[in-house]
1. If you take the residues of the range 70-116 that are basic (K, R) and surrounded by fewer than 11 Cβ atoms within 10 Å (Cβ to Cβ), which of them is nearest to V31 (Cα to Cα)?
2. Just to check your reading of the model, which residue among L48, L44, L67, L19 is free of Cβ contacts under 8 Å to residues at least 24 places away in the same chain, assigned to a helix (DSSP H, G or I) and either of a type in the set (G, A, S) or surrounded by 13 or more Cβ atoms within 10 Å (Cβ to Cβ) (or both)?
3. Determine whether S54 is small (G, A, S), under 14 Å from the mean Cα position of the chain (by Cα) and part of a loop (DSSP other than H, G, I, E, B).
4. From the set of residues in the range 24-41 that are aliphatic (A, V, I, L, M) and assigned to a helix (DSSP H, G or I), which is farthest from D92 (Cα to Cα)?
5. Report whether or not T26 is under 23 Å from I112 (Cα atoms) and either surrounded by 12 or more Cβ atoms within 10 Å (Cβ to Cβ) or among the aromatic types (F, W, Y) (or both).
6. Which one is farthest from E21 (Cα to Cα), of the residues in the range 79-93 that are outside any helix (DSSP H, G or I) and touching a residue at least 12 places away in the same chain (Cβ under 8 Å)?
7. Which residue, of S54, S96, is free of Cβ contacts under 8 Å to residues at least 60 places away in the same chain, in contact with a helix residue (DSSP H, G or I) (Cβ under 8 Å, 6 or more places away or on another chain) and not charged (D, E, K, R)?
Amino acid sequence: MTDQKVSQDVRQGLLDNILQELRRGTLVMVVLMNLKNQEYGYSLINKLQALGISIEQNTLYPLLRRLEKQGLLVSLWDTSESRPRKYYVISDLGRSILESVIKEWQHNNQIISKMI
C-alpha cells in the first residue's frame with residue numbers, strides 16, 4: 001500500500017493507536033510523580049488535568065489499584081469527614097522505581113532528541 005492510497009481515516013487510526021500506546025506507557029510515571037503527597041483519585045484527576053494530562057476515572061482507578069498491589073503505592077482511608085476517601089501516596093519502593101524510570105526516560109529522551 002502506497003502513501004497515496006492510505007485514506008485519511010486509516011492514517012488517523014494508525015496515529016491514534018500509536019499515540020495511545022505512547023500515552024499508556026507514560027501514565028505510570030506521571031501518576032507516581034504526582035503522588036509524592038497524599039491524593040485521592042478525583043483530586044489526582046483534577047491535578048493531572050491542570051497539568052494538561054487528561055485521564056478518565058475508568059483508567060485511573062484500575063491503575064491505582066494495580067500500582068498498590070505491586071507495592072508502588074500505599075493507600076489509607078480518611079473517615080473523618082462525612083464522605084470517606086481513599087488516599088494514595090507513593091511508597092519507598094515506588095520512589096526507587098520512579099527514580100529508575102525517570103533516568104531511563106531522560107536517557108531515551110536524549111537519544112530521541114538527537115535523532116529528531
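Rule-based calculations on the coordinates, nothing more; no lab input. Since this is a predicted model, take the numbers as computed values, not measurements. Cβ: placed from backbone, ideal geometry, glycine included. Neighbour counts: every protein chain shown.
1. Among them, the one singled out is K103.
2. Values: L44 fails: free of Cβ contacts under 8 Å to residues at least 24 places away in the same chain; L67 fails: free of Cβ contacts under 8 Å to residues at least 24 places away in the same chain; L19 fails: either of a type in the set (G, A, S) or surrounded by 13 or more Cβ atoms within 10 Å (Cβ to Cβ) (or both).
Exactly one of L48, L44, L67, L19 is free of Cβ contacts under 8 Å to residues at least 24 places away in the same chain, assigned to a helix (DSSP H, G or I) and either of a type in the set (G, A, S) or surrounded by 13 or more Cβ atoms within 10 Å (Cβ to Cβ) (or both), namely L48.
3. Details: small (G, A, S): yes; under 14 Å from the mean Cα position of the chain (by Cα): yes; part of a loop (DSSP other than H, G, I, E, B): yes.
Answer is yes for this residue.
4. Filtering the range 24-41 for residues that are aliphatic (A, V, I, L, M) and assigned to a helix (DSSP H, G or I), the one farthest from D92 (Cα to Cα) comes out as L27.
5. It is true that T26 is under 23 Å from I112 (Cα atoms) and either surrounded by 12 or more Cβ atoms within 10 Å (Cβ to Cβ) or among the aromatic types (F, W, Y) (or both).
6. R85
7. S54
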